[in-house]
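The values are calculated or read from the model by the stated rules, or taken from the named source; none is laboratory data. Just so you know, these numbers come straight off a predicted model, no measurement behind them. Quick reminder, even Gly has a Cβ in these numbers, built from the backbone with ideal geometry, and neighbours come from all protein chains shown. Quick note on the areas: whole protein, heavy atoms, side chains included, nothing else; ligands and nucleic acids left out. Shrake-Rupley method; radii C 1.70, N 1.55, O 1.52, S 1.80 Å.
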Amino acid sequence: FGSDYSEQIYDFAVRFIRKGLAYVDDLSADEIRAYRGTLTEPGRESPWRNRSVEENLTLFAQMRAGDFADGSRVLRAKIDMAAGNINLRDPVMYRIKRDPHHRTGTTWCIYPMYDFAHPLQDAIEGITHSLCSLEYEDHRPLYDWVTEHADLPNPPRQIEFARLNMTYTVMSKRKLRLLVEEGLVDGWDDPRMPTLSGMRRRGYTPAAIRSFLDRIGVSKVPSVVDYAFLEHCLREDLNHSARRTMAVLRPVKLVIENYPAGQTETFEAENNPEDLAAGTRTISFSRELWIEEEDFMEVPAKKYFRLFPGNEVRLKHAYVIRCTGCTRRADGSLETVTATYDPETRGGNTPDGRKVRSTLHWVDAGHCAEAEVRLYENLFTRPDPEADPDKDFLAHLNHDSLVVLTGCKV
């Protein structure tokens, strides 16, 4: 925690004052802004810029003791009010602020500014290279000025690179925090979030993330990576490591009419076709199975090759079946699909060479478990949710990014 180093950062500030590189300024925030100048005009020196070292030490100690009101005084670095980089025009190092801190309580009423504390905390923690995104590039001269004049034995170095931006999401911690606090996601580890904890819950492996980062590389130019490429890297890794199984998400009963009632047989299926060392698993097959509801159409659409009356399909690892019809409930919803199987096609083979255009996955109704399945889509409906200046990024939130299914069969 940065607050662990409060006393050390304060001591560094005193060291800067003793070296004549910092002074206590009485200008208000608005006055400091007005004195700073513009990109084309140099700034003006504060009337209190040339206070003596002794006076500055006394005033800074009084600031710490709480003798002055919030905002009445600040400690500023004495650098160059005519510098081309506005960040070097006597930036504020400390301000008075009596807000209680979540770790130190009311121990401190003065707090260091980020640009002053950042390089010093890096040095204290033994950081060798502080890796930042491109918006910190203009702050590097100040980072270097602080480390140089703090007389550090091994000063850290700041390097900037383009931040990782991806389509269909936001990467700003502030905006991700808003999603969490507004209850629009289920926390920082929601599988839709581009956080390590969220990606871990979604099933991302370290190898997949490393592969993604190795391929996109490090750039000094802002760019946007397609989220689909990250998913591709995951699929590529899982294809070699994940064991296979079958699940039916929206189940409908399939009854094999000519298969003996009460009989069960087994098949051997590869755990992972890409890794033969993963071995096989045993799956059971019987008269009643579960298949996906979308794998049957009583009146087939054009180029629909799955189950419909009179059509043949292959049940993965098992047999070729021919659909004979279906039964419906009183409300017209699909209840059962019926079919017959060809005993000569065990393992899905067709000895007579006839072509079967579709292969369906399935689950044995007598040997399965019920599960809740969560289907995730992109968190936003457009690839660039922050690009529309007339709308808040939340206007593009995908409210269908999570669908929860119950009664699934695995």
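Just a few scattered comments:
- Residue in region 139-151 that is under 27 Å from the mean Cα position of the chain (by Cα), part of a loop (DSSP other than H, G, I, E, B) and either touching a residue at least 40 places away in the same chain (Cβ under 8 Å) or more than 17 Å from Ala22 (Cβ to Cβ) (or both) present: no
- Total residues in region 293-310, condition in contact with a Phe, Trp or Tyr (Cβ under 8 Å, 6 or more places away or on another chain) and in contact (Cβ under 8 Å) with a residue 40 or more places away in the chain: 3
- Selection from region 131-146 of residues that are hydroxyl-bearing (Ser, Thr, Tyr) and farther than 22 Å from Ser223 by Cβ: Tyr143
- Of all residues in region 132-190 being touching a Gly at 6+ places or on another chain (Cβ under 9 Å) and over 30 Å from Leu39 (Cβ atoms), the one that is most open to solvent (accessible area, probe 1.4 Å): Asn154
- Which numbered condition Leu176 misses (of (1) farther than 27 Å from Leu238 by Cβ; (2) in contact with a Ser or Thr (Cβ under 8 Å, 6 or more places away or on another chain); (3) in a helix (DSSP H, G or I)): (1)
- Considering region 109-130, the residues that are free of Cβ contacts under 8 Å to residues at least 40 places away in the same chain and in a strand (DSSP E or B) include one that is most open to solvent (accessible area, probe 1.4 Å), namely His129.
- Filter result for the condition that a residue is in a loop (DSSP other than H, G, I, E, B), of a type in the set (Val, Ile, Thr) and over 39 Å from the mean Cα position of the chain (by Cα), over Thr345, Thr350, Thr324, Thr338: Thr350
- Scan of region 231-264 for residues that are surrounded by 12 or more Cβ atoms within 10 Å (Cβ to Cβ), touching a strand residue (DSSP E or B) at 6+ places or on another chain (Cβ under 9 Å) and without any contact (Cβ under 8 Å) to a residue 40 or more places away in the chain, ordered by number: Arg243, Arg244
- Yes/no for Tyr35 being of a type outside the set (Lys, Arg) and within 38 Å of the chain's Cα centre (by Cα): no
- Across region 384-395, the qualifying residues are those that are out of contact with any helix residue (DSSP H, G or I) (no Cβ under 7 Å at 6 or more places or on another chain) and open to solvent by less than 60 Å² (accessible area, probe 1.4 Å), and the one among them that is nearest to Cys408 (Cα to Cα) is Leu394.
- Residue match in region 303-319 (condition: open to solvent by 60 Å² or more (accessible area, probe 1.4 Å), hydrophobic (A, V, I, L, M, F, W, C), within 24 Å of Pro273 (Cβ to Cβ) and touching a Lys or Arg at 6+ places or on another chain (Cβ under 7 Å)): yes
- For region 6-59, a residue qualifies if it is open to solvent by less than 80 Å² (accessible area, probe 1.4 Å), assigned to a loop (DSSP other than H, G, I, E, B) and touching a helix residue (DSSP H, G or I) at 6+ places or on another chain (Cβ under 7 Å), and the qualifying residues are Gly20, Leu21, Leu27, Arg36, Gly43, Ser46.
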